[in-house]
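Undergrad: For reference, the structure I am asking about is given below.
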Amino acid sequence: MSPSKLLIVEDYDPFCQLLQSMLRSPHLEIVGQASDGLVAIEKAQSLQPDLILLDISLPKLNGIKAAEKIMQIIPQVKILFLSQESAPDFVTEAFRLGARGYVHKSNAQRELIPAIERVLSGKSYVSTGLRSHQPRKDSLGCPPDNHEMLLFSSEDEMLQGFSSFIACALEKQSPTITILSPALRDRLLERLRKSGAKIDAAIRQGTYAWFDSTGELNVDELLGLLQELSHAAPRSETTGRPRFACCGERAGRLWAEGRVTEALEIERFCNQLSTEYECEMLCAYCISDAEQKALPSFSKVFAEHSQVRF
């Protein structure tokens, strides 16, 4: 059988590059990509794809309106929405227009390939989190739900993501650990102070700790710190385990340097932490032009996370 022709419509280029890396397969041929709704309509008409992977939040013409036009032009095409939007109205409207599937971007690494397979076989697919508000289970060895990945293309984007993450943890009174270079740590602390986050109080109380991401991560030292902080940490209402927050760039640095095995070791260690602690984790990976060469290996570290932030 000839491969199915796929058109990717996504306006965030780093994520588009990631999708292309994820979807390399003898069964799929990526025939084109578009970054706005108007171009998507033009390429759908000229390329006649079997499947369109379509975002909703697009410039010039959003994905919903683009899908409506595309279905009028080539009604036989299968459309699978891949979007950050989770409101029921969006899902309902997508299927009303004739879409075959809807995957939330945060679930892409787990659900996108199965969704594509179902849609191409003539079946429908709706992302797990949109079918039910029940939390996902970890019975199949999947990453815990609280192990997130932050994709960024500049240091300012990373610091903004970490700042929001840490401010939320401080509000919950969760002890917080960051794994950053000294320069980035200083910039992060400055950003947190300007935002009014209670970072100085956490430093005085000893509930904020920092590890240098430019050196080797001392796992024993980190575990010792978690054990020490566990007495002061609040307990999760669901599991009763001590609740922490941890964010860093060490694994991302290793991946960008081509040290994929070491990056995976850190990510799997993070997953293991969830067996003893209720640890919210955010790992930063830069998807800039300089890191594009490493994208073929990215699906491995991508699969160790449960959610994706942009």
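The values are calculated or read from the model by the stated rules, or taken from the named source; none is laboratory data. The structure presented is a predicted model; accordingly, all values stated were derived computationally and were not measured. Virtual Cβ from ideal backbone geometry, glycine too; neighbours counted across all protein chains shown.
Undergrad: Might you check whether a residue that is more than 21 Å from M281 (Cβ to Cβ) and either under 21 Å from the mean Cα position of the chain (by Cα) or not in a helix (DSSP H, G or I) (or both) occurs anywhere in segment 174-185?
TA: No, because not a single residue in segment 174-185 is more than 21 Å from M281 (Cβ to Cβ) and either under 21 Å from the mean Cα position of the chain (by Cα) or not in a helix (DSSP H, G or I) (or both).
Undergrad: State which residue is nearest to S124 (Cα to Cα) when the search covers only segment 80-100 and only residues that are surrounded by 19 or more Cβ atoms within 10 Å (Cβ to Cβ) and in contact with a Lys or Arg (Cβ under 7 Å, 6 or more places away or on another chain).
TA: Ranking the qualifying residues of segment 80-100, first place goes to R100.
Undergrad: Give all pairs with beta carbons closer than 8 Å in which a residue from segment 31-56 that is polar (S, T, N, Q) meets a residue that is part of a strand (DSSP E or B) and at pLDDT 95 or above; count only pairs at least 6 apart in sequence or on separate chains.
TA: Q33/L7; Q33/I8; Q33/V9; S35/V9; Q48/K5
Undergrad: Of L184, L170, L150, L189, which residue is hydrophobic (A, V, I, L, M, F, W, C), without any contact (Cβ under 8 Å) to a residue 24 or more places away in the chain and surrounded by 16 or more Cβ atoms within 10 Å (Cβ to Cβ)?
TA: Unique residue meeting the criteria: L189.
Undergrad: Quick one: which of T261, T214 is more than 17 Å from M281 (Cβ to Cβ), part of a loop (DSSP other than H, G, I, E, B) and polar (S, T, N, Q)?
TA: T214
Undergrad: Considering segment 78-115 alone, what residues qualify as being within 17 Å of the chain's Cα centre (by Cα) and in a loop (DSSP other than H, G, I, E, B)?
TA: Answer for segment 78-115, where residues must be within 17 Å of the chain's Cα centre (by Cα) and in a loop (DSSP other than H, G, I, E, B): Q84, E85, S86.
Undergrad: Pick from segment 37-48 the residues that are touching a helix residue (DSSP H, G or I) at 6+ places or on another chain (Cβ under 8 Å) and under 21 Å from V103 (Cβ atoms): which of them is surrounded by the most Cβ atoms within 10 Å (Cβ to Cβ)?
TA: Of everything passing the filter in segment 37-48, A40 is surrounded by the most Cβ atoms within 10 Å (Cβ to Cβ).
Undergrad: Which residue, of K65, K43, is within 24 Å of S2 (Cα to Cα), charged (D, E, K, R) and assigned to a helix (DSSP H, G or I)?
TA: After applying the criteria, what remains is K43.
Undergrad: So for segment 253-276 (the condition being more than 20 Å from the chain's Cα centre (by Cα), β-branched (V, I, T), loosely packed, with under 15 Cβ neighbours inside 10 Å and at pLDDT below 90), does at least one residue qualify?
TA: Yes, that holds for at least one residue.
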